[in-house]
Amino acid sequence: MEPIIFTKNLTKKFGDFIAVNNISFSVEKGEIFGFLGANGAGKTTAMKMLCGLLVPTSGLGKVAGYDISTQSDSIKRRIGYMSQKFSLYEDLTVRENMQFFGGIYGLRNKEIQKKIEYYHDLWSNNEMFDGLVGSLPLGWKQKVAFATAMMHDPDIVFLDEPTGGVDPIVRRQFWELIYKASDQGTTIFVTTHYMDEAEYCNRVSIMVDGEIAAMDSPKNLKIAYHTDTMDDVFYQLARKAQRSETV
Amino acid sequence: MKQFKAFVIKEFYHVLRDKRSLLLLIGLPIVQIFLFGFALSNEVKNATIMIVDQSKDAASLSISEKIRNNDNFHFVGFGYAYKDAHTAFMRGEIQAAVIIPPNFQKSILRRENPTIQIIGDATDPNTATAVINYVTVITMNFQRQALGMTSPVSIDVRNHMLYNPELKGVTNFVPGLMALVLMLIGVLMTSVSIVKEKEMGTMEILLVSPFHPLAAIIAKAVPYLLVSIFNLCMILLISIHVLGMPMEGSYFLLFSMSVLLIITALSMGLFISNQTSSQQVAMLISLMGMLLPTMLFTGFMFPIENMPIPLQIISNFAASKWYYIIVKNIMIKGLGVAYFWKEALVLVGMTIFFIVMSLRRFKMRLA
């Protein structure tokens, strides 16, 4: 079967600066793929190219069978995206946010209603749906943001540091959501800083200075780097980095 | 279309939930029109005036009578000689004096062109100018009537100050205020609301969605278009029925031209939002780049003809100036599109310019 994400020598330059340098990798359908790297390693740039927000300087990339340089409009219908910045409308209620994001993907009212009911049952927190998002605790906001990114049942969902700044309990709950989506066949492409979260992934890649330094399952990586924590694997790779926080 | 509807609904939530801004959007124009209409009027009421009538004949009495009965003046009393007026000026008792020369009626009958002197206290130039204008109108009317009585040639009095015989300020400031309000809401609100999406990070989510960015911007404009039209109706209602603004032309034409200015304003707002990424900067640019020129260069506060040539040239870049000319033509003169298509074309040109510039930036940013 053709991989759902596929890149070959994908490169992005901003002037003289090479943000992403010749990366090649593929992600299989239904996988939870962890995309790790220090700040400035080029994770977000790579992700933005895959989502069609940035045009690659050179190289090839395919998402859900479409070319990222030329067919980004077709890609947009097939992917969900949750950005690093918390990004729901705070002056809208949870329900209205879901209706809006469902609406701009062209979903019918019935489909949107079904989705809302699904999360209704899942979270059994009924009054939350009619409260303004701005008044929710951060953890709930993140969960709602994930739910809105999943409204149109995307093939792939891109999560850019989805659990930044929330406590371990909420992070765990968030990962339960991710697993549920993965069980239903959605491919998860996630960036994170937390190495315990890396352990939850089927496979991870670690980016250093715009290149992929290592890519395998967490288990194999730990064997290859002679250690028993992902933390240590990451540290061994990341300390070789030449550039610090640049992006 | 369904996607577009979802977007417009969302925009309405934004506008309706932000009660303070909404109150400002709708309340401000109404407050402004009452302020301009009653408090900040250029019209002078009860200017203190003295008449020095050195003739005391039928003609001079007729003129003084007219001045005394005029609402704009508060008649202080007669002076007997020029020095009476002088003293009154020094004491600050009067703002203007009218000096009627001796043998006034005889001079008229002999066709000698007698001179009436009007003296204004120019420490308050606006009042002085207004008073001089009022007195001039009164004497000219009198002159015409007097000549009409004695001469077989009848003079058409309507020719004088055709559109604004009482020098009312309302015909000036209502079109100006319309321009100001439409520009303010159009430019400021669009630029701020688009930049807000950038600042909040929701713009990225929108760009990842299949919803076209251009459609998003149009959807964003819809609520402000409606608010602007609502404001326009309020201004027209108050100015026509309360302040006595004339409306000689077609409402359809007036509204289509107003929508044209709103679109121009929206395109400027879009352009500004493309240049900045914070709400404060967007607001600052909108206020400095739009509100100030609108106040200065529209022509309703400061006459453009009196400005130095470089400023007159700059004034051509203010969209509101052209709209102001159009509105005056429609409302006061009742003229049709044949008389102001050039001005309308300027607005269309400005709109196209800003949209093209914004789209160019837009593509660059996505690349």
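So how strong a dipole does the protein assembly as shown carry about its Cα centre when Lys and Arg Cβ are +1 and Asp and Glu Cβ are -1, to the nearest 20 debye? Numbers along the way, then the final one.
Numbers: 56 positive and 51 negative charges, 262 e Å.
It comes to approximately 1260 debye.
Give me the accessible area buried between chains A and B, both sides summed, with a 1.4 Å probe, in Å² rounded to the nearest 100.
Result for this pair: about 2500 Å² buried.
Could you please put B:Y224, A:Y179 in sequence from largest to smallest accessible area, using a 1.4 Å probe?
These residues rank, largest area first, as A:Y179, B:Y224.
Could you go through the range B:94-108 in sequence order and give the Karplus-derived ³J(HN,Hα) for each residue, using 6.51 cos²θ - 1.76 cosθ + 1.60 with θ = phi - 60°, rounded to whole Hz, and x for Gly and Pro?
Once θ is set to phi - 60°, the couplings for the range B:94-108 become 10, 9, 7, 9, 10, 10, 9, x, x, 6, 5, 5, 4, 4, 5 Hz.
Averaged across orientations, what area in nm² does the convex hull of the alpha carbons in chain A project?
Average of the hull's projected areas for chain A equals 13.6 nm².
Taking the Cα centre of each part, how many Å lie between the range B:237-299 and the range B:324-348?
Measuring centre to centre over Cα atoms gives 16 Å.
Taking every pair of distinct Cα atoms and averaging 1/r, then inverting, what Kirkwood hydrodynamic radius in Å comes out for the protein assembly as shown? If you can, show how the numbers build up before the last one.
Values: mean 1/r = 0.0338 Å⁻¹.
Hydrodynamic radius (Kirkwood, Cα only) of the protein assembly as shown equals 29.6 Å.
Please work out the FRET efficiency for the pair B:V337 and B:M307, using the Cβ-Cβ distance as r and a Förster radius of 30 Å; give the result to the nearest 0.05.
0.60
With heavy atoms of protein chains only and a 1.4 Å probe, what residues of the range B:195-222 have at least 50 Å² less accessible area in the full set of chains than alone?
Residues shielded by partner chains are B:M200, B:T202, B:E204, B:I205, B:V208, B:P210.
Considering only the other residues whose Cβ falls under 14 Å of the Cβ of A:D155, what net charge follows from Lys and Arg at +1 and Asp and Glu at -1? If you can, show how the numbers build up before the last one.
On the way: positive: A:K29, A:K62, A:K76, A:R77, A:R78; negative: A:E2, A:E28, A:E31, A:D153.
Here the charged neighbours net out to +1.
Give the separation of the Cα centroids, the range B:179-215 to the range B:45-76, in Å.
Centre-to-centre distance over Cα atoms comes out at 59 Å.
At a 1.4 Å probe radius, carbon and sulfur cover how many percent of the accessible area of the protein assembly as shown?
Carbon with sulfur: 59 percent of the solvent-accessible area.
Over the range A:149-245, average the accessible area per residue using a 1.4 Å probe and give it in Å², no decimals.
In whole numbers, the range A:149-245 has 47 Å² accessible per residue.
Holding the Cα-Cα limit at 26 Å, pick out from A:K12/B:K196; A:K143/B:K196; A:K13/A:K76; A:K76/A:K114; A:K43/A:K115 the pairs that are longer than that.
From the list (A:K12/B:K196; A:K143/B:K196; A:K13/A:K76; A:K76/A:K114; A:K43/A:K115), the Cα-Cα distance tops 26 Å for A:K12/B:K196; A:K43/A:K115.
Is the range A:1-74 best put as rounded, prolate or oblate by its Cα gyration tensor, with a ≥ b ≥ c the root eigenvalues, rounded for a/c under 1.5, and otherwise prolate when a/b is larger than b/c, oblate when not?
Oblate, since a/c reaches 1.5 and b/c is not below a/b.
Hey, what's the Cα Rg ratio for chain B versus the globular rule of thumb, 2.2 N^0.38 Å?
With N residues counted in chain B, Rg over 2.2 N^0.38 Å equals 1.28.
Over chain B, calculate the relative contact order: mean separation of alpha carbon pairs under 8 Å at least 6 apart, over the residue count, as a percent.
18 percent
Once phi is turned into ³J(HN,Hα) by the Karplus curve 6.51 cos²θ - 1.76 cosθ + 1.60 with θ = phi - 60°, what whole-Hz value does each residue of the range A:212-222 show in order, with x for glycine and proline?
7, 8, 7, 7, 5, 6, x, 4, 5, 4, 5
Note down the accessible area of A:W140, probe 1.4 Å, to the nearest 10 Å².
Roll a 1.4 Å probe over it and A:W140 shows about 60 Å².
Per-residue ellipticity at 222 nm for chain B, helices alone: DSSP H runs ≥ 4 residues times -39500 (n - 2.57), over residue total, nearest 500 deg cm²/dmol?
Taking each H run of at least 4 residues, the total per residue is -20500 deg cm²/dmol.
Would you list which lysines come within 21 Å of B:K83, measuring only between C-alpha atoms, while excluding same-chain residues fewer than 8 positions from it?
B:K56
Identify which of B:K106, B:K342, B:K45 has the largest mean-square fluctuation in a Gaussian network model of chain B, with springs joining Cα atoms closer than 10 Å.
B:K106
Is there a simple number for the mean count of other chain Cβ atoms within 10 Å of the Cβ of residues in B:10-21, and what is it?
Values: counts 10, 1, 0, 7, 3, 1, 1, 8, 1, 0, 0, 0.
Per-residue shielding by partner chains comes out at 3.
Given a 1.4 Å probe and the protein chains all in place, what does the accessible area of B:H212 round to, in Å² to the nearest 10?
110 Å²
Mind jotting down the three principal axis lengths of the range B:264-367 based on Cα atoms? Whole angstrom, largest first.
50, 28, 23
The values are calculated or read from the model by the stated rules, or taken from the named source; none is laboratory data. Computed from a predicted model, the values in this text were never measured in an experiment. Positions of Cβ are backbone-derived with ideal geometry, glycine not excepted, and every protein chain shown enters the neighbour counts. Protein only, heavy atoms only, side chains kept; ligands, DNA and RNA dropped before computing areas. Shrake-Rupley method; radii C 1.70, N 1.55, O 1.52, S 1.80 Å.
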